[in-house]
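Written below as structure tokens is the structure these notes are about.
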Amino acid sequence: MKLNKIITRGAFAIAAASTLAVMPVTAQAKDWRGWNIHVEDYPVSHGMEAFMEEVTEKTGGEIKGKVFHAGVLGSQPDAIEQLRLGIMDFGVFSLGPMGQAVPATNVVSLPFVFKSVPQMYELMDGEPGAALGEALEEKGIVPLGYYDAGARSFYNSVKPINTPEDVQGMKVRVMNNDLFVGMIESMGGNATPMAFAEVYQSIKTGVVDGAENNPPSYESTSHFEVAKYYSLTQHLIIPECLCMSKKTFDGLTPEQQEIVKTAGKNSTDLQRKLWGEREAASMKIIMDGGVEVNEIADKSAFQEAMVPVYEKYLAANPEMTDLVNLFRNAD
């Protein structure tokens, strides 16, 4: 009798241990860590904090975490790798550099692939964004929302840019990327890759005629003081991704996963609103500073000028053809 009790107890213990082994490891096991390159007082940072607060509140404190701002947890490439391994739980990453880990995301770095910021929202929230999401998940990353990182436009000290021909002969600083060099060269300009910290003095002394960036960057660096023409080409609209580790996500219960998805959407809506406010404030400072700002309603001529850039990219990456067309042919 006693032996039977021991056997029964032993069998129960083994069954219980087996049940625990197959149960998902929930977020109760540890606090989440969130990676962020931006300073604490920034639209992205506020969006991330709101995301974590909502997840903690809606899970009744079962999931807690902290956002580490200003890149204190390392560089973006390192953070992406940690995310894929489940060492990092979530973060916001530019889809530009993300291309090293997930090649499909390079598509959004193609110039003029988006016609406007509202169109970027629509596409990233729709089928094209879902296609990128599948590519991200294959690499161990779950996208929860696509943040607004602004639209890059040309500024210079010479003249307004209204057509691609206006760039001809102009010396333009660009980021060190073949796509962006090709973008300037396709319009007859002279692309000059250089460190961002050197741009102000280079424009002031005539080493370059201008550069390109979003309004908050153009304003906060005081580049508008030496480059008084700002042309809203919006040639690069590269979103940032609120992403989490697939390992962390898969360890959640279905109820927790739904909470996380909803919090991600709410966070994205908030961040986009805050970015719009920040951008409007920068534009006011720019215009009050005497900058001549010109909008370009029809960007079709610029898009046509990019044909060689796209041909070169697709020749090197033929597997991306369908995805590029999904973005490029959208209304």
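Report the local net charge at Ala211: Lys and Arg +1, Asp and Glu -1, summed over other residues whose C-beta lies under 11 Å from its C-beta.
0
Taking K and R as +1 and D and E as -1, what net charge do the other residues with C-beta under 15 Å from the C-beta of Tyr313 add up to?
-3
Roughly how big is segment 284-331's charge dipole about its Cα centre, with Cβ charges of +1 (Lys, Arg) and -1 (Asp, Glu), in debye to the nearest 20?
Roughly 120 debye, rounded to the nearest 20.
All other residues with a Cβ under 9 Å from the Cβ of Lys246 taken together, and with Lys, Arg as +1 and Asp, Glu as -1, what is their net charge?
Surrounding charge for Lys246 is +1.
Measure nothing but the geometry: give the 0 to 90° angle between the long axis through the Cα atoms of 43-58 and the longest principal axis through the Cα atoms of the chain, rounded to 10°.
Between helix and principal axis, roughly 20 degrees.
Kindly provide the Kirkwood hydrodynamic radius of segment 145-238 in Å, to one decimal, from all pairs of distinct alpha carbon atoms.
13.1 Å
Would you list which lysines come within 30 Å of Lys171, measuring only between C-alpha atoms, while excluding same-chain residues fewer than 8 positions from it?
Here the lysines satisfying the reach criterion relative to Lys171 are Lys115, Lys159, Lys204, Lys228, Lys284, Lys299, Lys312.
In the calculated pair distance distribution of segment 248-304, what percentage of Cα-Cα distances lie above 12 Å?
Of all Cα-Cα pairs in segment 248-304, 78 percent lie more than 12 Å apart.
Specify the inter-centroid distance of segment 162-178 and segment 188-233, based on alpha-carbon positions, in whole Å.
Going from one Cα centre to the other spans 11 Å.
What would the Debye equation give as log₁₀ I(q)/I(0) for the chain at q = 0.12 Å⁻¹, counting only Cα atoms as equal point scatterers?
For the chain at q = 0.12 Å⁻¹, log10 I(q)/I(0) is -0.87.
Where a Cα-Cα gap under 20 Å defines reach, which lysines qualify for Lys261, not counting those fewer than 8 residues away within the same chain?
Those lysines meeting the cut-off are Lys30, Lys58, Lys64, Lys66, Lys139, Lys246, Lys247, Lys273.
None of the figures in this text is laboratory data; all of them are computed from the coordinates on show. It should be emphasised that the depicted structure is a prediction, and the values quoted were computed from it without experimental measurement. No Cβ is skipped: glycine too gets one built from the backbone with ideal geometry, and neighbour counts run over all protein chains shown.
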